[in-house]
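First up is the structure itself, then whatever we jot down about it.
The values are calculated or read from the model by the stated rules, or taken from the named source; none is laboratory data. Since the model is a prediction, treat every value here as computed from it, not as a measurement. Because the Cβ atoms are built from the backbone with ideal geometry, glycine has one as well, and the counts that use them run over all protein chains shown. Accessible surface is based on the protein model in full, side chains and every heavy atom, while ligands, DNA and RNA are left aside. Shrake-Rupley method; radii C 1.70, N 1.55, O 1.52, S 1.80 Å.
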Amino acid sequence: MPQNNRTSVWNGISATGNLSDRFLSGANETVTLGGLAGGSCLGGRAEEFRGRSVLLWTTDQLSAALALIELDGIARRLVLCPADLPFEHLRFVIDSAAVDVVVSDRIAPGPDIPSGVSFIACSPKIVRAHYDHTVERQTEWILLTSGTTGLPKLVVHTLASLAGAIESSGASPSPVVWSTFYDIRRYGGLRIFLRALLSGASLVLSSTEGSLADFMIRAAAYRVTHISGTPSHWRRALMSPSAHRIAPQYVRLSGEIADQAILDHLQVCYPQAKIAHAFASTEAGVAFDVTDGLAGFPAELIGERADVEMKVEDGSLRIRSTLIADRYLGGQAKPLIGADGYVDTGDMLELRGDRYYFVGRRDGVINVGGLKVYPEEVEAVINRHPQVRMSLVRTRKNPITGALVVADVIVQTPPEALNGQAGQLEHEILELCRGILARHKVPAVIRFVSSLPVGATGKIVRQPCVMSS
Amino acid sequence: MSIRSEIIAQVTQVAQEQDKHLAPLVNDLPLVDSGLDSLCMAVVVARLEDALGVDPFTTAEAAGFPVTLGEFIEFYENAAK
């Protein structure tokens, strides 16, 4: 286990040792952790950041990673800006987090950065520089998550809440190399970043711009042993021939519901790997891992455990632990933590036998003539069909029931090559749904498509209330 | 396929899928007595929109909704004009 008295990322990394053999690989550069001891990605200007609120606004994940390592324990606040943050939200983030320095690998500040805010360049090129690694404060880490109004929510964590419950991989006989499809500036990616660096491993970062195949080639070249992503990331990876380039020992899914089909497909593709799925959210932190290869989780996890307490109230999962975020920054209507100390995840559960299954998001429910349907529960059934690779269930306006459920489905055969098989396939998928789901949950229409929208978060893009064309 | 035959085909198909017993499909059959419940009718309307490219329930100018099967067919025929 890592030391409990760790107070900065750099202290944590240093304590794990073996720095010269370990690396952090970005899309275009790779740095060894040993090189960070006497170097800087900020031109040796770390002193200028003491006590300040810093926005990390980089296009490149490696630059952000290096700046994070350098500034944790020095800056008062580090705001992690994912690559896809719309320019028009930048000012809102700067104001909400009282940012006074922007660190960027962009050439110029641009018009969205107020004149009173300093702009300091960073780059993945480490220059020799000596600066004082003394940890002065517990830096606040600010993560952005999508809000219902369109503006991001700013979620406050500390290193303690982000890095808690990370197990050491020190016992491993061969070097552990982590990778993740996530951007490390999002919760799922940041956990992997910290997990790798604080447990003695190396890390291969994904790239926002490069293709999936490029990333898999890089992951293969660095012999990635542990890799994480959302079920949507994994479905896309499994649709690509490049999936077979890697041979991980450990495959992890989080961020969306892992249905049985994706768990089974991954086990077939990576027979040597342990397949695990986890529940985690930016606000609630990591709650549990499931390693038995089955969808859902054992009901006995509900209740009090050493590090996490969970309960189900009004159908949704509630979590209390040392890993939950502290609060939202800025004027949020609703506090992050309820009066009972629990975070309401908004993820709806259903108990079947001795296992709980996630059925969908509370705010994603489709109302068919007064009856509720969670798109994810329908997708989980559609995905069981052996021909199906991925599906998106959505609402379609209807003059009789208000709304109906329809499905866009990717199957192994491209839609244009289906010809006469489309009708039979549709019939089989609908029969499968009818055998398992209540009538109102069975899609009225199935459309075979060649792609589905997956957002920068790695999650399938859901647009409730969008009328079908 | 004519609009009438498309509608008859969809109604028959949905009834079969939903395990509903259909009354003989004659023009003066009231839709409420057809054997199709509102969920079945909703599915029929969605599929007809895909097949015929019209949804007269949202585009029709006249306020009166069809009561019988004959009116239902006419409703679509008018919308398609």
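Here are a few things to note about the model shown:
- Subset of region A:174-199 that is open to solvent by 30 Å² or more (accessible area, probe 1.4 Å) and in a loop (DSSP other than H, G, I, E, B) - its residue that is modelled with the highest pLDDT: A:186
- Looking only at residues in region B:58-72 that are open to solvent by less than 70 Å² (accessible area, probe 1.4 Å) and not in a loop (DSSP other than H, G, I, E, B), the one that is nearest to the other protein chains (Cβ to nearest Cβ) is B:72.
- Helices (runs of 4 or more DSSP H) (entirely within region A:364-469) containing at least 3 residues that are closer than 21 Å to residue B:37 by Cα: A:421-436
- Qualifying positions in region A:411-438 - crowded, with 18+ Cβ neighbours inside 10 Å and either within 10 Å of chain B (Cβ to nearest Cβ) or in contact with a helix residue (DSSP H, G or I) (Cβ under 8 Å, 6 or more places away or on another chain) (or both): A:411, A:425, A:429, A:430, A:433, A:437
- Qualifying residue in region A:63-86 (condition: without any contact (Cβ under 8 Å) to a residue 24 or more places away in the chain, assigned to a loop (DSSP other than H, G, I, E, B) and open to solvent by 10 Å² or more (accessible area, probe 1.4 Å)): yes
- Residues that are touching a strand residue (DSSP E or B) at 6+ places or on another chain (Cβ under 6 Å), closer than 17 Å to residue A:450 by Cα and small (Gly, Ala, Ser) within region A:378-421 comprise A:391, A:407, listed in sequence order.
- Exactly one residue out of A:258, A:299, A:295, A:243 is of a type in the set (Gly, Ala, Ser), surrounded by 22 or more Cβ atoms within 10 Å (Cβ to Cβ) and assigned by TED's automatic domain parsing to the domain that holds residue A:178, and it is A:258.
- Checked against (1) more than 24 Å from residue A:373 (Cβ to Cβ); (2) touching a strand residue (DSSP E or B) at 6+ places or on another chain (Cβ under 7 Å); (3) modelled with pLDDT of 95 or more, residue A:317 meets all criteria but (1).
- Residue in region A:396-404 that is touching a helix residue (DSSP H, G or I) at 6+ places or on another chain (Cβ under 6 Å), hydroxyl-bearing (Ser, Thr, Tyr) and more than 11 Å from chain B (Cβ to nearest Cβ) present: no
- Residue count for region B:23-48, restricted to those that are outside any helix (DSSP H, G or I) and open to solvent by 40 Å² or more (accessible area, probe 1.4 Å): 7.
- Only residues that are of a type in the set (A, V, I, L, M) and within 10 Å of another protein chain (Cβ to nearest Cβ) were counted in region B:11-28, giving 1.
- Count of region A:112-159 residues, restricted to those that are touching a His at 6+ places or on another chain (Cβ under 9 Å), of a type in the set (A, V, I, L, M, F, W, C) and open to solvent by less than 40 Å² (accessible area, probe 1.4 Å), is 4.
- Summed over region B:39-74, residues that are at pLDDT below 90 and small (Gly, Ala, Ser) total 4.
- Residues that are in the same structural domain as residue A:176 (by TED's automatic domain parsing) and open to solvent by 60 Å² or more (accessible area, probe 1.4 Å) occur at least once in region A:49-57.
- Residue within region A:33-47 that is crowded, with 21+ Cβ neighbours inside 10 Å, part of a loop (DSSP other than H, G, I, E, B) and at pLDDT 95 or above present: no
- Boolean, residue A:424 is more than 29 Å from residue A:367 (Cα to Cα) and either touching a His at 6+ places or on another chain (Cβ under 7 Å) or not assigned by TED's automatic domain parsing to the domain that holds residue A:231 (or both): no
- Any pair with Cβ under 6 angstrom, 6 or more apart, that starts in region B:29-46 at a residue that is more than 10 Å from chain A (Cβ to nearest Cβ) and ends at one that is part of a helix (DSSP H, G or I): B:29/B:69
- Every condition in (1) more than 22 Å from residue A:256 (Cβ to Cβ); (2) surrounded by fewer than 18 Cβ atoms within 10 Å (Cβ to Cβ); (3) in contact with a Leu (Cβ under 7 Å, 6 or more places away or on another chain); (4) not hydroxyl-bearing (Ser, Thr, Tyr) is met by residue A:384 except one, and the failing one is (1).
- Within region A:87-108, considering residues that are assigned to a loop (DSSP other than H, G, I, E, B) and modelled with pLDDT under 90, the one surrounded by the most Cβ atoms within 10 Å (Cβ to Cβ): A:106
- Residue in region A:359-379 that is of a type in the set (Gly, Ala, Ser) and within 13 Å of chain B (Cβ to nearest Cβ) present: yes
- Residue check for residue A:210: of a type in the set (Gly, Ala, Ser), closer than 22 Å to residue A:34 by Cα and modelled with pLDDT under 95: no
- Residue within region B:47-57 that is within 14 Å of another protein chain (Cβ to nearest Cβ), more than 17 Å from residue A:401 (Cβ to Cβ) and free of Cβ contacts under 8 Å to residues at least 40 places away in the same chain present: yes
- With respect to the conditions (1) part of a helix (DSSP H, G or I); (2) surrounded by fewer than 16 Cβ atoms within 10 Å (Cβ to Cβ); (3) in contact (Cβ under 8 Å) with a residue 40 or more places away in the chain, residue B:7 falls short on a single one, namely (2).
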